[in-house]
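The values are calculated or read from the model by the stated rules, or taken from the named source; none is laboratory data. Since the model is a prediction, treat every value here as computed from it, not as a measurement. Here the Cβ is made from the backbone with ideal geometry for all residues, glycine too, and neighbour counts use every protein chain on show. Each accessible area value is taken on the protein alone, full model and side chains, heavy atoms only, with ligands, DNA and RNA left out. Shrake-Rupley method; radii C 1.70, N 1.55, O 1.52, S 1.80 Å.
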Amino acid sequence: MRIIVPIKQVPETSAVRLDEQTGTMIREGVEAIVNPLDLYAIELAIQLREQLGGEVVSISMGPPKAATSLREAVAMGCDRGVLLSDKAFAGSDTWATSYVLSEAIRRIGVFDLVICGERATDGDTGQVGPGIAAFLNLPVVTYVAKVDSVDNGTCRVRRRVEDGYELLEASLPVVLTVVKEIANPRLPTLRGKQRAKAGDIPVWDAELLNLQAGQTGLSGSPTRVVKIFKPKLARRCEKLNALDEQGVELAADRCVEFLRERNLL
Ligand SMILES: Cc1cc2nc3c(=O)[nH]c(=O)nc-3n(C[C@H](O)[C@H](O)[C@H](O)COP(=O)(O)OP(=O)(O)OC[C@H]3O[C@@H](n4cnc5c(N)ncnc54)[C@H](O)[C@@H]3O)c2cc1C
């Protein structure tokens, strides 16, 4: 069994800043980490390999420093990591990102499962997993909360929906995107860290993947950020600061008055 886990390196903060002029994310000066939701995908992949054998390959598209995230994945227990990095990939939207990742997956060879996180904490679209499935012409199951079985060329999963779970069966190979419920990510072991430090992270570029100009990066991205703005609050509010007991009493009186004025009491 070969399981491929695409992971994204994201800024540590959830307060992603955007350049209003260019519409791109400002990544400078912010610590980079493995997208927290991808740790759940890694954990599921490792658990499945422990049960069924085979290998887990983690891939990431990003700048050279994204290799550190792949080393973390190896330290957790992935067998190897592959970095997809090229200036030609810079500025890719979700379409171009999914395309590059899917071409890298083809190059890795025969595989059974691609397991993605639910979404990235910076871009936050949740489109890349389904995008990979579309480019590879594979079935996709999103919001997977439990894998019941993987055998005889099929995979049975529970998919989280608003009021419960859907039980689905998909033929392999399949792309899954997983939610936090799926597993508790393990911490890297010392031995894992040593293996990750010593191991090689190969870098695949556009030429190696046989990608042409216009298929990746800004020129291969049909979507553009047209405008970035903070939504204006339509509702007016009155803020009451209560710093001591007397302040709390005054604030409570004002709340009652406020509700009475509107005939809500
Ligand atoms: C309309 C639009 C325009 C954009 N324009 C630009 C732009 O001009 N310049 C720019 O820099 N960015 C741009 N972006 C952001 C860029 O598209 C995303 O960073 C990238 O495509 C990944 O999408 P996401 O962060 O929403 O990931 P999601 O789809 O939320 O991620 C889901 C899962 O896919 C996998 N995944 C996602 N990205 C990667 C990756 N790089 N490597 C490996 N696995 C991955 C992970 O498993 C992750 O959990 C744009 C985004 C949108 C929506």
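Structure above, values below:
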| read-out | value |
| --- | --- |
| Additional length obtainable on full extension of the chain from K230 to K193, 0.36 nm per residue less Cα span | 9.2 nm |
| FRET efficiency for K65 and K180, using Cβ-Cβ distance with R0 set to 30 Å, rounded to 0.05 | 0.70 |
| Mean accessible surface per residue for the range 2-220, computed with a 1.4 Å probe while every protein chain stays in place, in Å² | 50 |
| Expected 222 nm ellipticity per residue - DSSP helices of 4 or more, -39500 (n - 2.57), all of the chain, to 500 | -9000 deg cm²/dmol |
| Whole-angstrom gap from the range 76-111 to the range 116-163, using each part's C-alpha centre | 17 |
| Charge dipole (debye, nearest 20) of the range 2-220; +1 at Cβ of Lys and Arg, -1 at Cβ of Asp and Glu | 620 |
| For the chain, share of DSSP beta bridges that run antiparallel, in % to the nearest 5 | 45 |
| Kirkwood-type radius of the range 112-161, with distances r between different C-alpha atoms, in Å | 12.0 |
| In nm, spacing of pseudo-spin labels at T223 and E31 (7 Å Cα→C-beta vector) | 2.9 |
| Distant alpha-carbon pairs in the chain (separation over 35 angstrom), percent | 28 |
| Compactness of the range 1-125 as Cα Rg over 2.2 N^0.38 Å, two decimals | 1.05 |
| Highest-MSF residue in the chain out of V248, V140, V114 [GNM, Cα springs under 10 Å] | V248 |
| The chain - percent of accessible surface contributed by carbon and sulfur, probe 1.4 Å | 51 |
| DSSP-defined beta bridges in the range 74-188 - what % are antiparallel, rounded to 5 | 65 |
| Extended-chain gain in nm, criterion 0.36 nm per residue less alpha-carbon gap, N137 and V110 | 8.3 nm |
| Magnitude of the charge dipole, the range 113-265, Cβ model with Lys/Arg +1 and Asp/Glu -1, debye to 20 | 300 |
